[in-house]
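Following: one structure in structure tokens, then a few remarks.
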Amino acid sequence: MTDSVERREVTTDQPGQLARRGHPEAWHEQYADLNHFLMVYKFGLAEINTKITILAEELTHRGSGNPIEHVSPRLKSPASITAKARRLDCPLHFDDLRARIRDIAGIRIVCSFVSDVYTVANMLTRQPDVNLVVTKDYIAKPKINGYRSLHLIVEIPVFMSDRVVAVPVEVQLRTVAMDFWASLEHKIYYKHDPDVVPPRLRDELTAAAEDAARLDLRMERLHREIHGPRR
């Protein structure tokens, strides 16, 4: 892209809105730029997803047991990107968004047990074309509300026709129990400011996260006693 394209602002207009205001050419130009901007993130997400699929199938074929329960890739919408940019006080220009927002592409990997989270993370980040940029271990050090998960920002090369782009992808790894708690906590707080929820209820949610963590440890112990450690 040229510098003039890079400095254009991102719009949250839906298809047809600018056209209805009498600016059809402006909307089509902006929409094309936005699709071009998001394209490399879509490709980076596909590359990571393929790597995870290969790992899962190889481990199953080896008879080691597949530690990956399910995988959920996602690409932020223009509205979500814009909202995060405003929270970060980031200018709504493509070059600024690329530099400041590192989770435009993201993938969630739900594993069976806590040890599997770290095993899969190590398998992924040991690959020579996966560059580990940031690690945030909310399993070793949970958030104050009890949230647990392992967050990685990795960069993966995407080979375009005329260049190679290092695309950042956020990888979240968690257990089934962690995913259960996080999903329902999000639904409980949906459209509510956590700060206005009574402290007693916030404490209950934190206690539920601790219960889930204890269940994780118990289920992994039972699995190990019955099957032995994963090979």
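The values are calculated or read from the model by the stated rules, or taken from the named source; none is laboratory data. Just so you know, these numbers come straight off a predicted model, no measurement behind them. Don't worry about glycine lacking a Cβ; one is built from the backbone with ideal geometry, like all the others, and counts go over all protein chains shown.
Considering the stretch 176-208, and only residues there that are part of a helix (DSSP H, G or I) and of a type in the set (Lys, Arg), the residue that is nearest to Ile68 (Cα to Cα) turns out to be Lys187. Residue pairs whose Cβ atoms lie under 7 Å apart, sitting 6 or more positions apart in sequence or on different chains, and linking a residue in the stretch 128-144 that is under 19 Å from Gly106 (Cα atoms) to a partner that is in a loop (DSSP other than H, G, I, E, B), are Tyr138/Tyr147; Tyr138/Arg148; Tyr138/Ser149; Ile139/Arg148; Ile139/Ser149.
Which of the following residues is modelled with pLDDT under 90, touching a Leu at 6+ places or on another chain (Cβ under 7 Å), among the hydrophobic types (A, V, I, L, M, F, W, C) and surrounded by 13 or more Cβ atoms within 10 Å (Cβ to Cβ): Ala105, Ala26? None of the other options fit; the residue is Ala26. Counting only helices (runs of 4 or more DSSP H) wholly contained in the stretch 58-174, the ones carrying 3 or more residues that are within 30 Å of Pro199 (Cα to Cα) occupy 78-87.
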